[in-house]
Each structure stands twice: as C-alpha cells, then as structure tokens.
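Let me begin by presenting the structure, written as structure tokens, before commenting on it.
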Amino acid sequence: MQQSLGKLSHWLALYMCKGVGIKTLLALAEQHCLVSLFNLPHAALLQLGLTSSQAHNLLHTNWQQVAHYQQLLQHNNITVITFFDARYPDILKQIASAPLLLFCKGDVALLSSPQIAIVGSRNATPVGLEIAAEFAYQLTQAGITITSGMARGIDGAAHKGALAGSGKTIAVLGTGVDVYYPKQHSLLSTQVLEQGLLVSEFLPGTAASAHNFPRRNRIISGLALGVLIVEAEIKSGSLITARYAIEQNKDVFAVPGSIRNPLAQASHFLIKQGAKLVENVTDILEEVSFSGQSGLYNLEQPVASSPQCEVLKCIGFEVTSVDEIVRRAGWPIDKVQTRLLDLELDDQIERVLDGYIKLSAGR
C-alpha cells in the first residue's frame, strides 16, 4: 500500500474527521490516495464507500482548527508519525484500531525497539515500587526498552528504574505530549524526554481525562513484546492492558504477592489464566522472542466489529449503563470495558453521560 507523505494539515484533518476511523481509512487507501480525498466531490466520496455523514464531515473540515494544531505542533517541537510512515512501528500496526497518528517528543527510533511494558497500581506498596524499578533497570541492561504510562505508582517506578541504568524508556500518555500529568511527574517527564520518548495519540493540549487512559493502554501493550504486571487491583486499568496484550498475542507476566494483599489479586488472576509467574528478569528473557512471534496465548480475532459481538448486542439506541451491559453480557467488567473501547474506536457506539448508545451508522 503506497501512500505519499502528504501535507500534515491533511493528516490532521483526517484524524479529526468525526466518524472516520482507521479501518475506514485503510479500506479507502486501497482505492485512493488519502491526502487527495479533500479534492473529491460528495458523490465521489460516496462511491468510495463513505457514508453521507462521513463525506459531509470530511468536506466541512474546520481548516482554521487544523491550522491551530499545526502551530501547536511546531511551537512544541512535536513530531507526527502517520500509520503509513516508515517510522510507524510494525508491531503497533497489528492491533485492532491502531492510532492513525502518533504525536512524539524525544527519540522516535525507540518506537521500533524491543519493548517490555511494566504497569500496575497507582497506590503501590513500597515493595511493589522497588520490584518495578528493579525489573525495569535489569531489563534495560539486557537491551530492552521499558514502556509504561507515566501514572503514579508502578508506572513511575518503571520509568525511573529504566533511567537509573541509563536505559531507554517510552511513556505512552493519556494527554497531549505537551501536557505533563500528573504534575508530580513533571521532572520525570523531562528526564524521559531527554533519555527516551513521550508518545500519545491525543492532540497537543489535550488535558487529562479518565476516558483517555484506557485508550492509551492498548498502545502500551501494542508497542511491547510482553506486559509485566507488578501490583494491581482486580478492577484496574492494568488488567485492561493485560487483556489487550492477550488479544494481541503478547506475553503476559505477573509478579505474585501475598494472598492478603489486595494489590496481588490481578497478578494471581492472570497467573490462573495462563500468565507466567515471574520472580526475576530471567523468567521474562526466557520467554520473550525479539522477533515478536512469541506468546502464551492463541490470538483472538477482534470481535468488536462483528455483528455477533455480545457487548454490542447488549447496547441499544437508548442510553445503556455499563452496569447494565455487564449484567446483560454476563462477562467480567474488565472484559466488557475492553470491548466497549474497541466498539467506540470503531465508531459503532458512542459514550454519553450515563453510559453508551449504539450508532445507527456504525461501520
């Protein structure tokens, strides 16, 4: 699939076009150069397979807003990598709903380096923080880049451990790469920028939002060969990251803990499901294939876009709460949350104040 680099303004416009996701763009790219879509009339866009709403949104692009973001990117020295860019990591292209654009600050070459993601609780114990930092340090000594989400707790300890050994680390953010969050990690963000990479799928200036962090979790696992859970609650973003890793055919590793420690529940649950119990870095290095072909699990085909998706069938055109979706589907809440995110990214449902609604023109 050949795509010209095109103008940044065109890629931003495609990214910002409501209702046009990566699956639609990949299908269009087979027929037409994406950056020249803006020159086509409404009827021609319909012939290419766009819905009337999608074509309308594309032809009514807010170019003033696009120019605003271009200025922000230039002012903040942010590099934009499109899905069709040679620098876009192949491993990330394999996930469902891969981001069209990656906004980066730092060493972009790290995107294609072998990575292990380390994630866990924001309220980790001192022992958990020590374990995360130690694993990160030792993995970087083996030439592996540490990927995490810059959150408090385990994420921060993982980044610090990687930096302590002059290793490389990638922080996948739930904000724009020009927004330092949490504030207590401002210095750490600066250190990662100097020695690693900050990356996000969100436009510059995007503030922290609870909804953005589950979205960034699929990128954390998508970039990595495997995911290590150190300490996490059974209902947590870390477990969502692990579930994405399983579906992406990635190795999942878990550090065990005391049965009396609620922060060990996620690790123990994953171990029961087939994740590898790890006690030292060697346990990880023995499993990880640098070719990216290893995995403890069989690859699940994404079901989010299937009309038979159990979660999609549980959502109507009226507002349906998450609790009601969980009840109807009979699935664990973390699995439901993962599916909801997939469906939303695929423009089949929309998140509203009290839950989700099905979109009549979903792709």
When the residues of the stretch 156-177 are narrowed to those that are under 27 Å from LEU73 (Cα atoms) and hydrophobic (A, V, I, L, M, F, W, C), which ends up most open to solvent (accessible area, probe 1.4 Å)? LEU163
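Quick grid of which residues meet (1) outside any loop (DSSP other than H, G, I, E, B); (2) modelled with pLDDT under 95; (3) hydrophobic (A, V, I, L, M, F, W, C):
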| site | (1), (2), (3) |
| --- | --- |
| PHE38 | yes, yes, yes |
| LEU50 | no, yes, yes |
| GLN54 | yes, yes, no |
| LEU73 | yes, no, yes |
| ALA86 | no, yes, yes |
| ILE91 | yes, no, yes |
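On the given criteria, is VAL80 farther than 30 Å from ALA232 by Cα, open to solvent by less than 10 Å² (accessible area, probe 1.4 Å) and in contact with a Leu (Cβ under 8 Å, 6 or more places away or on another chain)? I'd like the intermediate steps shown before the answer.
On the way: farther than 30 Å from ALA232 by Cα: yes; open to solvent by less than 10 Å² (accessible area, probe 1.4 Å): no; in contact with a Leu (Cβ under 8 Å, 6 or more places away or on another chain): yes.
Criteria not met by VAL80.
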Taking the stated definitions as given, is THR61 more than 18 Å from LEU101 (Cα to Cα) and β-branched (Val, Ile, Thr)? no
Quick test of your reading of the structure: GLY153 fulfils all but one of (1) crowded, with 20+ Cβ neighbours inside 10 Å; (2) under 20 Å from ASP283 (Cα atoms). Name the failing condition by number. (2)
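Among the listed residues LEU193, LEU187, which satisfies the condition of being open to solvent by 10 Å² or more (accessible area, probe 1.4 Å), out of contact with any helix residue (DSSP H, G or I) (no Cβ under 9 Å at 6 or more places or on another chain) and either in a strand (DSSP E or B) or touching a residue at least 60 places away in the same chain (Cβ under 8 Å) (or both)?
On the way: LEU187 fails: either in a strand (DSSP E or B) or touching a residue at least 60 places away in the same chain (Cβ under 8 Å) (or both).
Answer to the selection: LEU193.
Residue-by-condition table, conditions (1) modelled with pLDDT of 90 or more; (2) part of a loop (DSSP other than H, G, I, E, B); (3) aromatic (Phe, Trp, Tyr):
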| residue | (1), (2), (3) |
| --- | --- |
| SER221 | yes, no, no |
| VAL227 | yes, no, no |
| ALA232 | yes, yes, no |
| THR241 | yes, no, no |
| PHE269 | yes, no, yes |
Conditions (1) of a type outside the set (Gly, Ala, Ser); (2) more than 20 Å from the chain's Cα centre (by Cα); (3) part of a helix (DSSP H, G or I) -> ASN123 fails only (3)
Please verify whether the stretch 30-53 includes one or more residues that are closer than 28 Å to THR79 by Cα, of a type in the set (A, V, I, L, M) and surrounded by fewer than 18 Cβ atoms within 10 Å (Cβ to Cβ). no
Scanning the stretch 137-156 residue by residue, those assigned to a helix (DSSP H, G or I) and more than 20 Å from the chain's Cα centre (by Cα) turn out to be TYR137, GLN138, LEU139, THR140, GLN141
Please find, within the stretch 280-289, the residue that is nearest to ASP251 (Cα to Cα) out of those that are touching a residue at least 12 places away in the same chain (Cβ under 8 Å) and acidic (Asp, Glu). GLU287
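Within the stretch 155-209, count every residue that is over 20 Å from VAL80 (Cβ atoms) and not acidic (Asp, Glu).
Of all residues in the stretch 155-209, those over 20 Å from VAL80 (Cβ atoms) come to 155-169, 181-188, 190-191, 194-195, 208-209.
Of the ones still in play, those that are also not acidic (Asp, Glu) are 156-169, 181-188, 190-191, 195, 208-209.
Looking only at that region, the number is 27.
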What number of residues in the stretch 244-267 are open to solvent by less than 20 Å² (accessible area, probe 1.4 Å), over 13 Å from ILE234 (Cα atoms) and part of a helix (DSSP H, G or I)? 2
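Only one of ILE240, ILE219, ILE234 is hydrophobic (A, V, I, L, M, F, W, C) and either open to solvent by 30 Å² or more (accessible area, probe 1.4 Å) or farther than 20 Å from GLU344 by Cα (or both). Can you tell me which?
Answer to the check: ILE234.
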For the stretch 47-77, name all the residues that are under 21 Å from LEU198 (Cβ atoms) and either of a type in the set (A, V, I, L, M, F, W, C) or in contact with a Ser or Thr (Cβ under 8 Å, 6 or more places away or on another chain) (or both). GLN70, LEU72, LEU73
If GLU279 satisfies every condition in (1) assigned to a loop (DSSP other than H, G, I, E, B); (2) at pLDDT below 85; (3) open to solvent by 70 Å² or more (accessible area, probe 1.4 Å) but one, which is the exception? (2)
May I ask you to list pairs of residues, at least six apart or on different chains, whose Cβ atoms are under 6 Å apart, with the first in the stretch 261-275 being more than 14 Å from ALA242 (Cβ to Cβ) and of a type outside the set (Gly, Ala, Ser) and the second being modelled with pLDDT of 90 or more and open to solvent by less than 60 Å² (accessible area, probe 1.4 Å)? LEU263/SER121; LEU263/GLU231
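Answer yes or no: is there a residue in the stretch 95-107 that is part of a helix (DSSP H, G or I), in contact (Cβ under 8 Å) with a residue 12 or more places away in the chain and not basic (Lys, Arg).
Restricting attention to the stretch 95-107, the residues satisfying the condition of being part of a helix (DSSP H, G or I) are none.
No, the stretch 95-107 contains no residue that is part of a helix (DSSP H, G or I), in contact (Cβ under 8 Å) with a residue 12 or more places away in the chain and not basic (Lys, Arg).
The values are calculated or read from the model by the stated rules, or taken from the named source; none is laboratory data. These numbers come from a predicted model, not from an experiment. Every residue, glycine among them, receives a Cβ derived from its backbone with ideal geometry; neighbour counts consider all protein chains shown. Protein only, heavy atoms only, side chains kept; ligands, DNA and RNA dropped before computing areas. Shrake-Rupley method; radii C 1.70, N 1.55, O 1.52, S 1.80 Å.
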